[in-house]
Amino acid sequence: MKKIYLGTNTKMYKSIKDSIDFVTTLAENTKDIPRDKIELFVIPSYTSIGPARDSVEKELITIGAQNMHWAQEGQFTGEISPVMLKEVGTEIIELGHSERRHKMGELDIDINKKLVSALNNDLRPLLCIGETKEQKDAGDAVKTLRIQLKVGLDGVKKEDISKIMIAYEPVWAIGVEGIPASPEYAEEIHKEIRTMLIEILGEKAKEIPILYGGSVNNDNFSDLIDKDEVDGLFIGRSAWDADNFTKIIKAVYKQMF
C-alpha cells in the first residue's frame, strides 16, 4: 500500500501562538497514526516556522515554508534564503503556488531556480502546478501543466528525484470561491502529470508523490484520496482547525489502511 501525504499551508492567517497551538494539538491528536503510512506536514508563515518546529517532534509533523529565494545570501531585501530556512528547521519548501504565480508575478523560470536551490540545500520542494479556468475551458490544461513541469523541473539530478513532491492545484478550485475538481477529473489529470513526470525525469519519477489541492473538504476528501493516482491531499481552510484536520486524517487512515 502506498504512503499517503496530508498537509496544509496556513498562508497569512495564524500567529506564532496560533501555529504552536495548531501543531501541538495536531501532533497529540494523531500520535497513534503510523508515520510510515501517513506523513503529515504543516506550512506556516515564516515567523512561525521555528516555534512550530520546536513545539513538536520531527517524526510527527514535517514543517515547511511557503516560499524562498534561490540565493544563499545577497542583496535581496525582503527575501529569505534556503540557509536561513534550514536554520529554523524547515524541511519542505512550497514553490509555485498559484497566488505566487498570479498575484506576485512569479515565472516558471523563477520557480525552477528556487527548486534547484532547494534540492542543492537538501530541502524537499513541493512544486505546485495548476491551470486557470480560462486555460481549462480552452482545452489547454495539460499543455499548461506540461510547461510548468518541464521548466520547473529543469536541471533536476537523478539522485534528487525522490525528494520532490508535486501538488496539483487547479487555480479555479482554490480559495473561498473555489469549485472543487471532481475525483474523476483529479484522477485524469494526475495520470497526465505522472506520464509527463516520467517523460521529463525518467522511470524514477514513478516515486514522486502527486497530491491534489483545491477546495478539499469534509465532503470530498474520501472520494479524492480513493483514486489510484492521488497520493495525498494538500488541504486549505478545512485543515486549519486542528480537530477537523484530525477527523480527515483519521478517516483517511481508516479508509486506506
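The values are calculated or read from the model by the stated rules, or taken from the named source; none is laboratory data. The shown structure was predicted, so the numbers you read here are calculated from the model rather than taken from an experiment. Cβ sites come from the backbone with ideal geometry, for glycine too, and all protein chains shown count toward neighbours.
So the values come out like this:
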item	result
Residue match in segment 187-196 (condition: out of contact with any helix residue (DSSP H, G or I) (no Cβ under 8 Å at 6 or more places or on another chain) and closer than 16 Å to SER98 by Cβ)	no
Members of segment 179-204 found to be assigned to a helix (DSSP H, G or I) and hydroxyl-bearing (Ser, Thr, Tyr), listed by number	TYR185, THR195
Any hit, segment 7-14, residues being part of a loop (DSSP other than H, G, I, E, B) and exposed (fewer than 15 other Cβ atoms within 10 Å of the Cβ)	yes
Of residues in segment 157-172 being β-branched (Val, Ile, Thr) and in a helix (DSSP H, G or I), the one nearest to GLU187 (Cα to Cα)	VAL171
Pair list, Cβ under 7 Å, 6 or more apart: segment 183-200 residue of a type in the set (A, V, I, L, M, F, W, C), other residue exposed (fewer than 15 other Cβ atoms within 10 Å of the Cβ)	ILE198/LYS206; ILE200/LYS150
Of residues in segment 188-219 being polar (S, T, N, Q) and out of contact with any Ser or Thr (no Cβ under 7 Å at 6 or more places or on another chain), the one surrounded by the most Cβ atoms within 10 Å (Cβ to Cβ)	SER215
Residue check, THR77 touching a helix residue (DSSP H, G or I) at 6+ places or on another chain (Cβ under 9 Å), of a type outside the set (Lys, Arg) and at pLDDT 95 or above	no
